[in-house]
Structures are given as C-alpha cells and as structure tokens.
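Novice: This is the structure I have questions about; it appears just below.
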Amino acid sequence: MHRPDLRRPLRLLHSQSGDRAGSDYSAGGAARPRPRKESGRRGGGPAGLEAARVSAARGHEVVLFEAASEPGGQVRLAAQLQRRREIVGIVDWRVERCADLGVTLRTNSYAEAADVLAESPDIVIVATGGLPNTGFLEAGEDLVVTSWDVLAGDSKAAQEILLFDDNGAHPGMMAAESLARAGATLEYVTPERSVAPEIGGTNSPIYLKAFSECGVKITLTERLTAVRRDGNRLAATLFNEYSKTSQERLVDQVVVEHGTLPLDELYFELKPDSVNQGAVDYDALITMQPQAFAANPDGSYQLFRVGDAVSSRNIHAAIYDSLRLCLTF
C-alpha cells in the first residue's frame, strides 16, 4: 500500500457548493468542479474547512482549493437571516485557524482532476457539497425555485407562494420566514406530522412566532408531487399520504426544500487511481484507527469524501465527518 510521507504529507481538500441559486452544502476543499453559471457566490463550507484544520493541526501540509472568492457555503446562506447572522462564525473561526496553521487557501480556483493530481497528493479529501434536490417531482422541476434561491436573493417573493419542505430543518423554515416577512401570502406544506422536526425546541418557537405574525398557513401530511403552468400561474399538486387523495393549489410561485444531492463528479473521476478506491474502513473509523484499506496497492493517493458530497446532512454532521476521519491521518 502507498503510505503518505508522515513528515509532510500533502492534503488536497476540495470544495464545491454549486447550488442552483448561486454551495453546504457546502464544504471547503481541494479543487472544485466549476460552479454553474448562476451559482458563483457559494464558498467552501464547514466540512472541508474542518478537514483542513484538523489535518494541519496534526502537522500535515494542506492545500485548500476554493472556487469562490471566500469560503462559506451554505453557512453563509444561513447567515442571511438577520437573527442567525452569528452562525457565520462556524466558518470564520475555521478560516482563521487554517491561516494560523499555515493552510494554503486558493480562492477563485476552479480545479479539475488534472489540477488536483498536479499537486502529487498523498490524500485527497473531496468536500464538494451538493445541489438542491428538485428531482423528486413527477413534473414541473423547471418551474420551481429552491430555498437556496430565496436565501441567496436570486428569487424575489411573488404574491402567493407555496413552499414545500421535505427536509424539516432550518433552510426551509428560513426561506418561509424570509418570504412571509417580504409580504407574500405563504402556505407552508410538509409531508410530516409536525413542522420542521429536525429543528429543536429552542429554535422552533421563533419560527412559529414569525409564521403567526405573518399569517403563514401551515399544511401537514401533504406531499408536493408535480407542478404545471395554468395560465400565468402555477398549479401545484399535493398528495395526502394518509387518505391517498390529491388536490391542487393555484399560486404564483412554488419553492421547494428537499435537501441536497451530492456533487460527486470529481470524486468519481479520482476514484480509479486511488489506493482505497474511495472507500472508508468504517470499523477503523469508529475505533479511531488509521485508514489502511488498499483495494488498489498501485494507487498513488488515498481518496475520501465528506459532508454533503456523500449525502445531505446538517452542519454538525458535516464537521464530525471530517473531524473523526482526519484525526486518524
């Protein structure tokens, strides 16, 4: 098995949060696949920054590529809501620690597989984040906007809006509050039996207070399945999980929050030439042992992915991904 030079191994971290609105999804990293044209504002988020911080603290040389002008990813989106601005400290603290530890941060750096390999890395960590998931719709995916569009300011509030939240966390609730406070008549729809079950009891009341103040209508146990044009408006089809019946809402705008899908193109490009074929030895991970799996002993680097580049998750889970992995390097 190829083993890194433990005197000064090179960590290549990759970041990409190329959301349709303009990244946690979202993580700092080694090079980024080019963000979509309309998604240039997203920066690297907490998963990649944590991987860089921990690796550097353990004495390794770290190069962190970032396609945007500053790190941040979905955390910077979350900070758009005035009362949650302090959440950006999650990113800022890690950026400062990375600077203190000598991490090389290359912003505005769009890198592909060839650029990553040009650094002759011992380990590549792909923290590319994800894109908002709108593919669950049977029809009308091109007619909806996402919570990221709303929070990034790329989509303004229409008069009557239906917001569908099947993620149950802060992004959908933040977008709903933002739209309601902008003066929209808003219906918040979720397939859950309660509002935003992923948000704890400390945070839920402030959202519910805002909903009450702004007259937001809350509809439970309904799932958005399709959207179609109806004149100059949109007809949203809702399916009830219990009665197995459907109904339509006629609105001016449909906003969806359905988590993210991984941006994993770079990971799969790099996978064939990696020592471990991109796999994680979970038994070793759980017991805090080094990653020694070697499916391809002729490979030239180990390859891992963290955060939303694996699957949609929250900030805490993304940071923990990187922390427990990099502590074994």
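Novice: Limited to the stretch 277-287, what total is found for residues that are in a loop (DSSP other than H, G, I, E, B) and touching a helix residue (DSSP H, G or I) at 6+ places or on another chain (Cβ under 7 Å)?
Specialist: So the first thing to find is which residues in the stretch 277-287 are in a loop (DSSP other than H, G, I, E, B), and the list is 277-281, 287.
Restricting the remaining residues to those that are touching a helix residue (DSSP H, G or I) at 6+ places or on another chain (Cβ under 7 Å) gives 277-278.
Residues meeting the conditions: 2.
Novice: Also, quick follow-up: Answer yes or no: is there a residue in the stretch 254-276 that is part of a loop (DSSP other than H, G, I, E, B), among the small types (G, A, S) and touching an Asp or Glu at 6+ places or on another chain (Cβ under 7 Å). Working first, answer last.
Specialist: We begin by selecting, within the stretch 254-276, every residue part of a loop (DSSP other than H, G, I, E, B); these are 258-259, 263-264, 275-276.
With the extra rule that they be among the small types (G, A, S), the set shrinks to 259.
Pick out the ones that are also touching an Asp or Glu at 6+ places or on another chain (Cβ under 7 Å) and you get none.
No, the stretch 254-276 has no match at all.
Novice: So L224 ticks every box in (1) in a strand (DSSP E or B); (2) surrounded by fewer than 20 Cβ atoms within 10 Å (Cβ to Cβ) but one. Which box is left unticked?
Specialist: Looking at each condition in turn, L224 falls short on (2).
Novice: Here is a check on your reading of the model: is E141 within 16 Å of G259 (Cα to Cα), open to solvent by 30 Å² or more (accessible area, probe 1.4 Å) and within 21 Å of the chain's Cα centre (by Cα)?
Specialist: Answer is yes for this residue.
Novice: Check R53 against each of (1) open to solvent by 10 Å² or more (accessible area, probe 1.4 Å); (2) at pLDDT below 90 and name the one condition it does not meet.
Specialist: All conditions are met except number (2).
Novice: Tell me which residues, restricted to the stretch 187-210, are touching a helix residue (DSSP H, G or I) at 6+ places or on another chain (Cβ under 9 Å), open to solvent by less than 10 Å² (accessible area, probe 1.4 Å) and not in a helix (DSSP H, G or I).
Specialist: Matches in the stretch 187-210: Y188, T190, A196.
Novice: So which residues in the stretch 102-116 are in contact with a Phe, Trp or Tyr (Cβ under 7 Å, 6 or more places away or on another chain) and either surrounded by fewer than 23 Cβ atoms within 10 Å (Cβ to Cβ) or modelled with pLDDT of 90 or more (or both)?
Specialist: Across the stretch 102-116, the qualifying residues are R106, S109.
Novice: Name the one entry in E177, E160, E213, E119 that is open to solvent by less than 30 Å² (accessible area, probe 1.4 Å), among the acidic types (D, E) and more than 23 Å from L261 (Cβ to Cβ). Walk me through it before giving the result.
Specialist: Working: E160 fails: open to solvent by less than 30 Å² (accessible area, probe 1.4 Å); E213 fails: open to solvent by less than 30 Å² (accessible area, probe 1.4 Å); E119 fails: open to solvent by less than 30 Å² (accessible area, probe 1.4 Å).
Going through E177, E160, E213, E119 in turn, the sole match is E177.
Novice: Additional query: Starting from the stretch 104-132, keep only residues that are part of a strand (DSSP E or B), then list their pairs with residues that are open to solvent by 70 Å² or more (accessible area, probe 1.4 Å) and at pLDDT below 90 whose Cβ atoms are within a distance under 6 Å, requiring at least 6 positions of separation or different chains.
Specialist: Within 6 Å, the pairs are Y110/R34.
Novice: Picking from N276, N232, which residue would you name as being surrounded by fewer than 17 Cβ atoms within 10 Å (Cβ to Cβ) and farther than 25 Å from A169 by Cα? Before you say what the answer is, go through the steps one by one.
Specialist: Working: N276 fails: surrounded by fewer than 17 Cβ atoms within 10 Å (Cβ to Cβ).
Matching residue, one of N276, N232: N232.
Novice: Scan the stretch 59-68 and give yes if some residue there is part of a loop (DSSP other than H, G, I, E, B), within 18 Å of R313 (Cα to Cα), open to solvent by 10 Å² or more (accessible area, probe 1.4 Å) and modelled with pLDDT of 90 or more, otherwise no.
Specialist: No, because not a single residue in the stretch 59-68 is part of a loop (DSSP other than H, G, I, E, B), within 18 Å of R313 (Cα to Cα), open to solvent by 10 Å² or more (accessible area, probe 1.4 Å) and modelled with pLDDT of 90 or more.
Novice: Can you tell me which of (1) over 30 Å from A184 (Cβ atoms); (2) assigned to a loop (DSSP other than H, G, I, E, B); (3) among the basic types (K, R) is the one R324 doesn't meet?
Specialist: Of (1) over 30 Å from A184 (Cβ atoms); (2) assigned to a loop (DSSP other than H, G, I, E, B); (3) among the basic types (K, R), only one is false for R324: (2).
The values are calculated or read from the model by the stated rules, or taken from the named source; none is laboratory data. These numbers come from a predicted model, not from an experiment. Don't worry about glycine lacking a Cβ; one is built from the backbone with ideal geometry, like all the others, and counts go over all protein chains shown. Protein only, heavy atoms only, side chains kept; ligands, DNA and RNA dropped before computing areas. Shrake-Rupley method; radii C 1.70, N 1.55, O 1.52, S 1.80 Å.
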